[in-house]
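As structure tokens, the structure follows; a few thoughts come after it.
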Amino acid sequence: MPSVAEVLRRYGPAYLERYGAAMPPEHKKVLQAISACRTGELGTAWYVCQSCGQEHAIACACGNRHCPSCQWGKTAGWLQQETARLLPCPYFLVTFTVPAPLRAVIRRHQRIAYAALFEASSAALKTLASNPRFVGSSHCGFGGCCIPGAGRWSIILMSTTSCRGAG
Ligand SMILES: [Zn+2]
């Protein structure tokens, strides 16, 4: 399976040519950093083995917080910490797909658009969750994130259902 960096090195230039004009500069910096990670483009560190004295060249990492190669250890630690904080109840993932005509607007105005998406989708879930036909509780929690992928943008919300008895 190719790494994210390998995919970006292979398809990144074509992606930037097609969507680069609409991308925020910080997104381009992330793509550039991950693409250059551990290739030698960012420099090389030399280490000497204390046993045999042989020199070893290690290509420098990007250290970008979005780079899966650089941050997997932090991600694993964070996931373990967050998993320990989960409530002892079932969770549901709900995905809302944004209509295609709105995606270009969202890409250009992400802060406002994501806030609006979260507000609208959480309001819809609260309405459905309060209906006894579904969850029957007004005590549900939500967390959201946006998943860009394959030309579509979605927002995911999580809702706990064991609140039915707690409310
Ligand atoms: Zn990296």
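Can you tell which of Phe96, Phe118 is in a helix (DSSP H, G or I), touching a residue at least 24 places away in the same chain (Cβ under 8 Å) and not polar (S, T, N, Q)? Walk me through it before giving the result.
Working: Phe96 fails: in a helix (DSSP H, G or I).
Result of the check over Phe96, Phe118: Phe118.
Could you please tell me which pairs satisfy a Cβ distance under 8 Å, a separation of 6+ or placement on different chains, a first residue in the range 60-83 that is outside the structural domain of Ser35 (by TED's automatic domain parsing), and a second residue that is within 6 Å of the ligand (Cβ to nearest atom)?
Sorted first by the residue in the range 60-83, then by its partner, the list stays empty.
Scan the range 68-103 residue by residue and report those that are among the aromatic types (Phe, Trp, Tyr) and in contact with a strand residue (DSSP E or B) (Cβ under 7 Å, 6 or more places away or on another chain).
Filtering the range 68-103 down to residues among the aromatic types (Phe, Trp, Tyr) leaves 72, 78, 91-92, 96.
Within the range 68-103, Tyr91, Phe92, Phe96 qualify.
Does the range 59-72 include one or more residues that are loosely packed, with under 11 Cβ neighbours inside 10 Å, under 18 Å from the mean Cα position of the chain (by Cα) and in a helix (DSSP H, G or I)?
The answer is yes; a qualifying residue exists.
So that you can scan it fast, the table gives a plain yes or no per residue for (1) away from the ligand (no atom under 16 Å from the Cβ); (2) touching a Pro at 6+ places or on another chain (Cβ under 6 Å); (3) modelled with pLDDT of 90 or more:
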{"residue": "Val4", "(1), (2), (3)": "no, yes, yes"}
{"residue": "Leu31", "(1), (2), (3)": "no, no, yes"}
{"residue": "Tyr91", "(1), (2), (3)": "yes, no, no"}
{"residue": "Leu102", "(1), (2), (3)": "yes, no, no"}
{"residue": "Arg107", "(1), (2), (3)": "yes, no, no"}
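I'm trying to understand the selection: among the residues of the range 121-167, which are in a helix (DSSP H, G or I) and modelled with pLDDT under 60? Full working, then the answer.
Taking the range 121-167 and keeping what is in a helix (DSSP H, G or I), we get 121-130, 163-166.
Listed by number, the residues that qualify are Cys163, Arg164, Gly165, Ala166.
The values are calculated or read from the model by the stated rules, or taken from the named source; none is laboratory data. On a predicted model such as this, the values are computed, not experimentally measured, just so you know. Note that we place each Cβ from the backbone using ideal geometry, even for glycine, and neighbour counts take in every protein chain shown.
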